Amino acid sequence: MDVSATDVLQEYFIPEPGLLAFARGTFTLLRRRGVEALNVSIRHSPADRVSSLPWAQQEVFSFVLHHKQRTWRSAQERVATWTHELIDLALAQGGRYDLPYQRHATAGQFARAYPEADRLRSLKRAVDPDGKFSNELWRQYL
């Protein structure tokens, strides 16, 4: 078993008008950064009309990037760098990134991708004023 690497998923949600630009930009970025991409799946996804932090407010194409990531710190920092670039590319196309994966997004990227966060913060303060229910996502971004 190789403990020096792990497989990781990232997901980006891109509205149809930005599909081609995001696909081309992703391909270029992954090659330029030497990303060990194992697979990129693209699927059509409906709008998320239920979540407080919706991953898509309209129909989108979901790009799921499956890549190999080394486990040492310098490798993790490299992944964070090119992930920032992918998030910026998604945002430039009116898209978003998926929250459940690694928390590489900057606070600014999170705010741009999820402007509904302020409403969710207020609701959380009302129902959990002592902050008993939390996780790493809340601690980092909310």
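Bear in mind these aren't lab numbers, they're just calculated from the coordinates by the rules spelled out. Small disclaimer: the values here were computed from a predicted structure and weren't measured. Cβ sites come from the backbone with ideal geometry, for glycine too, and all protein chains shown count toward neighbours.
A few remarks follow.
- Overall shape: oblate for the range 5-141, with the ratio a/c of the largest to smallest alpha carbon gyration tensor axis at 1.5 or above and b/c at least equal to a/b.
- Residues Phe133, Phe63, ranked from the fewest to the most other C-beta atoms within 10 Å, line up as Phe133, Phe63.
- Within the range 107-142, backbone nitrogen closer than 14 Å to the virtual label 7 Å beyond the Cα of Leu29 toward Cβ: 109-110, 113
- Compared with the dominant Cα axis of the chain, that is its longest principal axis, helix 73-92 is turned about 70°.
- Rounded to the nearest 0.05, the FRET efficiency derived from the C-beta distance between Ala75 and Leu19 at R0 = 30 Å is 0.50.
- A full extension of the chain between Arg49 and Val3 corresponds to an added length of 12.6 nm, given 0.36 nm per residue minus the alpha carbon distance.
- Angle in degrees between helix 117-127 and the longest Cα principal axis of the chain, rounded to the nearest 10: 40
- Ranked list, fewest to most other Cβ atoms within 10 Å of each Cβ, for Arg31, Arg103: Arg31, Arg103
- Exposure proxy order (Cβ contacts within 10 Å, fewest to most) of Glu36, Glu136: Glu136, Glu36
- A straight chain from Lys68 to Arg121 at 0.36 nm per residue would run longer than the Cα-Cα distance by 15.7 nm.
- Mean separation of Cα contacts under 8 Å (6+ apart) over length of the range 5-141, as relative contact order %: 31
- On Cα atoms only, tilt of 19-33 relative to the major axis of the chain in degrees: 60
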